[in-house]
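The values are calculated or read from the model by the stated rules, or taken from the named source; none is laboratory data. What you are looking at is a predicted structure, and each value in this text was computed from that prediction instead of being measured. Please note: Cβ atoms are built from the backbone with ideal geometry, for glycine as well, and neighbour counts cover all protein chains shown. Accessible surface areas use protein heavy atoms only, side chains included; no ligands, DNA or RNA. Shrake-Rupley method; radii C 1.70, N 1.55, O 1.52, S 1.80 Å.
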Amino acid sequence: MADELAGKVAIVTGGASGLGAGLARRFAAEGAKVLIGDVDGDSGKALAAEIGSDALFVEADVSELGQVSGLVSTAVERFGGLHVMVNNAGISGTMHRRFLDDDLADFDKVMRINVRAVMAGTRDAARHMKDHGGGSIINLTSIGGIQAGGGVMTYRASKAAVIQFTKSAAIELAHYEIRVNAIAPGNIRTAIVRKSASGEDLEKLEQFEAKIRQQMRDDRPLKREGTVDDVAEAALYFATDRSRYVTGTVLPVDGGTVAGKVTARKS
Ligand SMILES: NC(=O)c1ccc[n+]([C@@H]2O[C@H](COP(=O)([O-])OP(=O)(O)OC[C@H]3O[C@@H](n4cnc5c(N)ncnc54)[C@H](O)[C@@H]3O)[C@@H](O)[C@H]2O)c1
């Protein structure tokens, strides 16, 4: 399909790399004007240049409330409106093998980016959308917010909070024809773990990641690993009228991982 988002304006936070960049590319290919907000100026500018005049990069740190509202006002000023808000920026926090070793030093940072910025982005976008015919808000959670497990407890807690917030916001904002949904990706290869590493031995982190990846492969019902495009496809569904009667949902894009473990592979 093409031009599914013709005439629409979208914001993608954390859109300079990884899943956000895939979303920004896909939305622009479908005819949307896309504002990319990210702390990573180099990658953000390069992506906006690659997409062309349908994209605008704004350097912004979503952990600052004023910078989130600035993204909304800039989109409205530069592109004439706002129809789709993707609260995608996120960090994983420091990896701890044992929760007992976790000093919780990154708690405030993870929560400000992964939770408060999602709430602020939803609120600020909705303040515009409520007087302009509604819109679609898409929040990035994680299968880590659905499935319990070890390693990154603060991240898991933050992503669980995004799920409860998304459902609650969907109920309240439905009155204004604003739909709010969440996507829960599972283990799609991006730089998120590496980027969030602070002081960890990168070689050990790589080995740890490889081990997790192998475990995921063994457990995942669909054999192939997920891609950025798989997540962009889900976001496109939520951004368009194809999901016009869908709100307050959480869609795992995870090859079936949260559905349950594969007990035995058929040959
Ligand atoms: N990759 C996966 O498998 C996976 C799984 C579950 C959830 N997610 C979620 O998807 C989202 C995107 O993750 P990703 O894998 O593409 O990670 P990524 O690290 O590749 O991209 C995240 C982007 O967010 C930006 N960012 C970080 N802090 C920011 C801040 N304070 N303000 C503005 N931008 C900021 C980064 O610069 C980066 O461009 C995150 O919310 C993540 O938790 C990803």
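Could you give the size of the charge dipole of segment 22-161 about its Cα centre, using +1 on the Cβ of each K and R and -1 on the Cβ of each D and E, expressed in debye and rounded to the nearest 20?
So the magnitude is around 460 debye.
Hey, what's segment 2-142 come to in accessible area per residue, 1.4 Å probe, Å²? Working shown, then result.
On the way: 5770 Å² over 141 residues.
It amounts to 41 Å² per residue over segment 2-142.
Over 23 Å apart: what share of the alpha carbon pairs of segment 74-214 falls there, rounded to a whole percent?
Considering segment 74-214, 40 percent of its Cα-Cα pairs are separated by more than 23 Å.
Considering only 135, 62, 87, whose Cα is most displaced toward the positive end of the charge dipole of segment 1-137, charges sitting on Cβ of Lys, Arg (+1) and Asp, Glu (-1)?
135
What distance in nm separates the two pseudo spin-label positions at residue 104 and residue 218, each 7 Å out from Cα along the beta-carbon direction?
Placing both labels 7 Å beyond Cα along the Cβ direction yields 3.3 nm.
When the helices in the chain are scored as -39500 (n - 2.57) per DSSP H run of 4 or longer and the sum is shared across all residues, what 222 nm value do you end up with, to the nearest 500 deg cm²/dmol?
Mean residue ellipticity, 222 nm, calculated: -13000 deg cm²/dmol.
Heavy atoms only, probe 1.4 Å: what % of the accessible area of the chain goes to carbon and sulfur, would you let me know?
Carbon and sulfur atoms account for 52 percent of the accessible area of the chain.
Go from 0 up to the bin containing the longest alpha carbon distance in segment 116-176, width 10 Å each, and give me the % of pairs per bin.
Once binned at 10 Å, the Cα pair distances of segment 116-176 give 22, 46, 23, 9, 0.
Would you count, across segment 171-267, every pair of lysines whose alpha carbons are under 21 angstrom apart, provided the pair is eight or more residues apart or spans two chains? Write out the running numbers ahead of the final one.
Details: 195/204; 195/211; 211/223; 211/261; 223/261; 223/266.
Within segment 171-267, the lysine pair count is 6.
How large is the Kirkwood hydrodynamic radius of segment 29-138, counting all unique pairs of alpha carbons, in Å?
One decimal place: 15.2 Å for the Kirkwood radius.
Once all Cα-Cα distances of the chain are split into 10 Å bins that start at 0, what whole-number percent is in each one?
Histogram of Cα-Cα distances, whole percents per bin: 7, 31, 37, 19, 5, 0.
In whole angstrom, how far apart do the alpha carbon centroids of segment 156-192 and segment 25-91 sit?
Here the answer is 19 Å between Cα centres.
Which of the GluC sites (Glu not before Pro) across segment 59-129 are loop residues per DSSP, with 16 or fewer other Cβ within 10 Å?
Qualifying residues, ordered by number: 64.
What GluC sites (Glu not before Pro) does segment 141-202 have in DSSP loop regions with at most 16 other beta carbons within 10 Å?
177, 200
Tell me the Kirkwood hydrodynamic radius of segment 1-91 in angstroms, computed as one over the mean inverse distance between distinct C-alpha pairs. Each step should come with its number before you reach the end.
Values: mean 1/r = 0.0802 Å⁻¹.
For segment 1-91, the Kirkwood estimate is 12.5 Å.
Against the longest principal axis of the chain, how steep is helix 228-239, in degrees 0 to 90 to the nearest 10, with axes from Cα atoms?
40
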